[in-house]
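Notes for the one structure printed next.
Read-outs throughout are calculated quantities, based only on the coordinates presented, and are distinct from any laboratory measurement. These numbers were taken from a predicted model, which means no experiment stands behind them. When we count neighbours, we look across all protein chains shown, and the Cβ atoms used for this are built from the backbone with ideal geometry, even at glycine.
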Amino acid sequence: MCGIIGFTGNTEAAPLLLDGLEKLEYRGYDSAGIAVIENEGINIIKSEGKIKNLREKIAKSHTPKGFIGIGHTRWATHGKPSDENAHPHYSKSRRFAVVHNGIIENFAELKEELVAKGYIFHSETDTEVVAHLLDDCYDGDFFSTVITMTKRLVGSYALGIVCKDVPDKIICVKKANPLIVAVSDKGNFIASDITAVLAYTRDVYTMQDDEVAILSEKSVEFFNLDGEPINKEIEKVTWNVDAASKGGYEHFMIKEIKEQPEAIRATLSPRITPEGKINLDGISLSDEQIRKFKRIYITACGSAYHVGVVGKYVIEQLARIPVEVDLASEFRYRYPLVDEDTLVILISQSGTTADTLEALREAKRRGARTLSIVNVVGSAIATESDDVLYTWAGPEISVATTKAYSTQLSLIYLIAIKFALATKAITDSVADELIAEILTLPEKIEQIFELEESIKRISERYTYLHHAYFIGRNLDYAVALEASLKLKEISYIHSEAYAAGELKHGTISLIEPGTSVIALCCTERLVEKTISNAKEVMARGAEVLCVTTEDNRSCANICDYTIYIPKTHPLLMPSLEVVPLQLLGYYTAKSRKCDIDQPRNLAKSVTVE
Ligand code: G6P
């Protein structure tokens, strides 16, 4: 997803902008650019591809000299990745330069209007409309021009704007797209997220929708769209630079896989009292309110949706409340059957995923109670939900999620137990046992890390693989969905997950000698059934890797390879089972020399539909 950085201060802007853009690389992008105000005017340099292309281009021309500028990493929406479509964009007069995250929904009609007035467009982007519109609205005053222009926009935007007539000020404005303002002794920044500025400061303001900020070297002022000043509180970011860098690992993904025990401990510890009881800080629901829910919906995207699939099995089994799980992009348009007797749980690492945010709003419109599980404090989904439980996973940089998935799972378990106690579907002693077992998960995950070398060796067999099938039943199936996504998104191997019982209804026809099947056999009561399916595919030539618990030693005699993992309560097995499969995906992608942290065409945070 696109990234924004901007700086005005007492030191040259270009190096800081390029550094900030590199910190934003993890968001996924296909072109990058910077605009710096120099003596002669605004100088824009931009390039398709990685930031190193931009650096090379700058090195070949000249490094813009100036103390104020804006920068952008673009993930194509309107128009292909190209130098022309990269941001920043000039206005016709070159008085303004603009960077933009989001989508201007009325760009076609604005463009038609501007073309009729003689504006010439050099790109296919919706953003260029903003730049020319600034010229069109120009009244001699930078601030009031931005306000007039913004009022013409429909859609979502985080905009960073510079004006050559005011060579010490950046103005930014936002709607439905994240933007922060950060202050430091070098000067002041705008950024789409804090990672871009963590090396310089931890003091930030989170911009809300329809707020405008004016930044100069020494001051930051906030206004509403009526031009009235607003007071905002500065927030201290506790994430340190180390937490946002690779910490000695080759990739963020492996670093984040290894951070899972700590992240789970951090997520659990404030929620479990020393007496072993659940205390869900972010939930204001009484037991009576919980008992009134006739149905729970869980809705999310990507891996967060896969957490929801686990949630359905676990909450239904423990609390005996019917749970539906739905992709947010489907939920939002299906006129969902939710009302005041429904709880809608939204799961999102970033808290900004467009479809999940809209699913939340749809649920609220229909009167449902909403609870979100979010990693980014103050994000839109967190702010707009009735209740929010934060996963304390820290910043997740790798596009393929691991520690956010795991921490989301641990909160799902706590919600399930809390609800089961409220509905009296389980006794206190069952809850106590489960909680005690949950607390052992981090240590058991650490034990799984000892299998890293053998998983690495297995992954070498997958280097030239074309197709993989993950099979499992019940919770094993829920984990298969995530394991399959992990493998495919980073290694580019075609992979699918199937409920093992469905194989015979079609997919088994794809099995031929050399096909790889990964059989998940950790749901104790169904292991034999999945093993039968494994035998069926082996009889047709498939090579089978089995993931099972230490006590199922017989699997080794049946399957080609077996990964044995520690045992826990059957409902908690997903937390352990997913870890070797994350490692398998990682090492397979590594042996195929893939761009692991930034897989092609993918973005960490998907803030458009
Ligand atoms: C992208 C990420 C996934 C993530 C999904 C939902 O596709 O690559 O890792 O699961 O978005 O993101 P969210 O921030 O809402 O969890």
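Take residue 508, project a point 7 Å from its Cα along the Cβ direction, then tell me which residues of region 529-572 have their backbone nitrogen under 14 Å from it.
Backbone N within reach: 529-542.
Among DSSP bridges having both ends in region 241-439, what percentage is antiparallel? Round to the nearest 5.
Values: 1 of 22 bridges.
If we restrict to bridges inside region 241-439, about 5 percent are antiparallel.
For the chain, what is the charge dipole size about the Cα centre, in debye to the nearest 20, if Lys and Arg each add +1 at the Cβ and Asp and Glu each add -1 at the Cβ? Before the final figure, lay out each step's value.
Details: 68 positive and 86 negative charges, 182 e Å.
Taking the Cα centre of the chain as origin, the dipole is about 880 debye.
Give the percent of DSSP beta bridges with both residues in the chain that are antiparallel, rounded to the nearest 5. Before the final figure, lay out the partial values.
Values: 65 of 107 bridges.
Percent antiparallel among DSSP bridges in the chain is about 60.
Residue by residue through region 52-63, which ³J(HN,Hα) values in whole Hz follow from phi under the Karplus form 6.51 cos²θ - 1.76 cosθ + 1.60 (θ = phi - 60°), with glycine and proline marked x?
Values, residue by residue: 5, 5, 5, 4, 5, 4, 5, 4, 6, 9, 7, 6 Hz.
Can you run phi through the Karplus equation (6.51, -1.76, 1.60; θ = phi - 60°) for region 90-95 and list ³J(HN,Hα) in whole Hz, with x for Gly and Pro?
7, 7, 3, 7, 6, 6
Which of rounded, prolate, oblate describes region 445-529, given a ≥ b ≥ c as roots of the alpha-carbon gyration tensor eigenvalues and a/c under 1.5 marking rounded, otherwise prolate only if a/b is larger than b/c? Kindly include the intermediate steps, with their values, before the conclusion.
Working: a/c = 1.83, a/b = 1.12, b/c = 1.64.
Oblate.
Take the Cβ-Cβ distance between residue 609 and residue 383 as r, set R0 to 22 Å, and report the resulting FRET efficiency rounded to the nearest 0.05.
Values: r = 20 Å, r/R0 = 0.92.
Working from the Cβ atoms, E equals 0.65.
How big is the chain along each principal axis, measuring the range of its Cα positions in Å and listing the largest first?
Here the Cα extents, ordered largest to smallest, are 78, 56, 44 Å.
Along the Cα→Cβ direction, 7 angstrom out, place labels at residue 109 and residue 52. What is the inter-label distance in nm?
4.6
Please give the contour-minus-distance gain from residue 40 to residue 366: 0.36 nm per residue of separation, less the Cα-Cα distance, rounded to one decimal in nm. Spell out each step's value before the answer.
Numbers: separation 326, 0.36 × 326 = 117.36 nm, distance 5.53 nm.
Between residue 40 and residue 366, full extension yields an extra 111.8 nm.
Size of the dipole of region 241-439 about the Cα centre, Lys and Arg at +1 and Asp and Glu at -1 on the beta carbon, nothing else charged, in debye to 20?
Roughly 300 debye, rounded to the nearest 20.
Can you list residues whose amide H is under 5 Å from residue 179's amide H, if they're 5+ apart or on another chain and H is modeled 1.01 Å from N?
207
State which entries of 57/604; 23/164; 186/232; 255/604; 111/175; 403/504 exceed 24 angstrom in Cα-Cα distance in the structure shown.
Working: 57/604 27 Å; 23/164 27 Å; 186/232 21 Å; 255/604 16 Å; 111/175 20 Å; 403/504 34 Å.
Going by Cα-Cα distance, 57/604; 23/164; 403/504 fall outside the 24 Å limit.
Just grab the label-to-label distance for residue 199 and residue 446, each label 7 Å out from Cα along the Cβ direction, in nm (one decimal).
Each label point is offset 7 Å from its Cα along the Cβ direction, giving 3.3 nm.
Angle between the Cα long axis of helix 428-438 and the longest principal axis of the chain, 0 to 90 degrees, nearest 10?
With both axes taken from Cα atoms, the answer is about 70 degrees.
Can you work out D for region 449-595 in µm² s⁻¹ from Stokes-Einstein, where Rh is the Kirkwood radius over C-alpha pairs, the temperature is 10 °C and the viscosity is 1.306 mPa s? Numbers along the way, then the final one.
Working: Rh = 14.8 Å.
Rounded, D is 107 µm²/s.
Could you tell me which residue out of 584, 534, 146 lies farthest along the dipole of the chain toward its positive end? Charges go on the beta carbon: Lys and Arg +1, Asp and Glu -1, centred on the Cα centre.
Working it through, the farthest residue towards the positive pole turns out to be 534.
Among 154, 579, which comes first, second and so on when ranked by fewest other beta-carbon atoms within 10 Å? Display every interim value, and only then the final one.
Numbers: 154 13, 579 28.
Ranking 154, 579 by Cβ neighbours within 10 Å, fewest first, gives 154, 579.
With unit charges on the beta carbon (Lys/Arg positive, Asp/Glu negative), name the residue among 375, 425, 293 whose Cα is farthest towards the positive pole of the charge dipole of region 241-439.
The listed residue farthest towards the positive side: 293.
With a ≥ b ≥ c taken as the square roots of the eigenvalues of the C-alpha gyration tensor of region 241-439, please select rounded if a/c is under 1.5 and otherwise prolate if a/b is larger than b/c or oblate if it is not? Could the numbers behind the result be given before it?
Values: a/c = 1.99, a/b = 1.19, b/c = 1.67.
Cα axes put region 241-439 in the oblate bin.
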